[in-house]
Amino acid sequence: MLEKHDLHHEFPEHYDRIHELKISNAHFARLFEEYHHINREVARIEEGVENTSDAYLEELKKKRLLHKDQLFSMITSK
């Protein structure tokens, strides 16, 4: 079974803050959508729906992590 990496599973304690930022902050909303697009692509590859090189998959995972770090910083800043 694959791990869930969507932000609500990653940071369930920040559900309300994530929702608030998606509505009020265009930059956060764009990063959020990019993160989830990357996350869905990684999931499809890991599930075998799409085939690609290991290097490409690792690059996607690095991009996903970078986006998650940026989003988390925005979520936890006041």
## Note on the structure
Counted residues in the range 59-78 being acidic (Asp, Glu) and surrounded by 12 or more Cβ atoms within 10 Å (Cβ to Cβ) come to 1
### Task
With the checklist (1) without any contact (Cβ under 8 Å) to a residue 60 or more places away in the chain; (2) out of contact with any Phe, Trp or Tyr (no Cβ under 8 Å at 6 or more places or on another chain) in hand, flag the one item THR76 doesn't pass.
(1)
### Summary
Considering the range 35-78, residues that are acidic (Asp, Glu) and assigned to a loop (DSSP other than H, G, I, E, B), and then whichever is nearest to ILE18 (Cα to Cα), we arrive at GLU47
### Summary
Checking LYS4, LYS22 in turn, the sole residue that is more than 16 Å from LEU71 (Cα to Cα) and among the basic types (Lys, Arg) turns out to be LYS4
#### Entry: Count of residues meeting criterion [touching a residue at least 12 places away in the same chain (Cβ under 8 Å), more than 24 Å from SER77 (Cβ to Cβ) and surrounded by 12 or more Cβ atoms within 10 Å (Cβ to Cβ)] in the range 7-58
6
### Message
I'd like to verify a number: residues in the range 19-51 that are over 15 Å from LYS62 (Cα atoms), within 12 Å of the chain's Cα centre (by Cα) and not charged (D, E, K, R), how many?
### Response
3
### Query
Can you tell me which residues in the range 48-64 are at pLDDT 95 or above and among the aliphatic types (A, V, I, L, M)?
ALA55, LEU57, LEU60
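The values are calculated or read from the model by the stated rules, or taken from the named source; none is laboratory data. Computed from a prediction, not measured in an experiment: that's the story for all the values here. No Cβ is skipped: glycine too gets one built from the backbone with ideal geometry, and neighbour counts run over all protein chains shown.
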